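For reference, the structure discussed in these notes is given below.
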Amino acid sequence: VLGVVLYVTRRQIGGLLARELDTRLSAAGIFIEWNSAEWVPGPGIRLRGLALYRDAAKQDRLALFGNLTAIKGEKGWNRWDTVKVNIEDSRLTLGSGAAETNLDHLAMRLLIEPGKADLQDFQANLQGLRIEAKGDYRRAASVAPTGSAKPAAPAKGLFDDLNLDVRQHSTDGADA
């Protein structure tokens, strides 16, 4: 009985924390949906079947993660200003439908902070090829009339202009 109570409690807390994370990311132009959420004792949650969308209507799926762990960087139950994402040996599905691409054995460490994201480590396999990436991504700041910089409000999703098509395009219009 105690095991069932712990299982249900971890799922309830995980769902609550996942909704708080969704609110934080939506404000930054990142739209998510998940199949299940489970509280990781301490400051995080484990999400399974996490879908990442380009749009708030959640119609244009960018990626689908098998499972990941999100860890809060701020104290407090609902403080998701800084999020550390850890993924180990997961599957990543990019795009959807006919343009779908699968990356296997994904391992990733990502730190999301207000106005920027730091991809500390990304490793995956694509049809036997190993992919590795790192990078620091920042949202462009707009300059206010007083001359002070402030983060630009997202008019659209953060990933609206991201193209993950693995085909190369030549200058004459024919695909390589």
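The values are calculated or read from the model by the stated rules, or taken from the named source; none is laboratory data. Values in this document were obtained by computation on a predicted structure and should not be read as measured data. Every residue, glycine as well, gets a Cβ built from its backbone with ideal geometry; the counts of neighbours run over all protein chains shown. Keep in mind that these areas ignore ligands, DNA and RNA; they rest on the heavy atoms of the full protein, side chains included. Shrake-Rupley method; radii C 1.70, N 1.55, O 1.52, S 1.80 Å.
Screening LYS84 against (1) over 23 Å from THR23 (Cβ atoms); (2) buried (at least 16 other Cβ atoms within 10 Å of the Cβ) leaves a single unmet condition, (1). Flag: ASP55 matches the condition of being acidic (Asp, Glu), surrounded by fewer than 19 Cβ atoms within 10 Å (Cβ to Cβ) and in a loop (DSSP other than H, G, I, E, B). Residues in the stretch 96-114 that are farther than 18 Å from GLY49 by Cβ and at pLDDT below 90 were compared, and the one that is surrounded by the fewest Cβ atoms within 10 Å (Cβ to Cβ) is ALA98.
When the stretch 14-40 is filtered for residues that are under 16 Å from ARG79 (Cα atoms) and in a loop (DSSP other than H, G, I, E, B), only ALA28 remains. Listed conditions (1) among the aliphatic types (A, V, I, L, M); (2) without any contact (Cβ under 8 Å) to a residue 40 or more places away in the chain; (3) part of a strand (DSSP E or B) are all met by VAL5, apart from (3).
In this structure, is ALA117 closer than 22 Å to GLY135 by Cα and open to solvent by less than 50 Å² (accessible area, probe 1.4 Å)? Write out each step before concluding.
Details: closer than 22 Å to GLY135 by Cα: yes; open to solvent by less than 50 Å² (accessible area, probe 1.4 Å): yes.
Yes, satisfied.
Test GLY42 against the criterion of being at positive phi and free of Cβ contacts under 8 Å to residues at least 40 places away in the same chain, and give yes or no. Yes: the conditions hold for GLY42.
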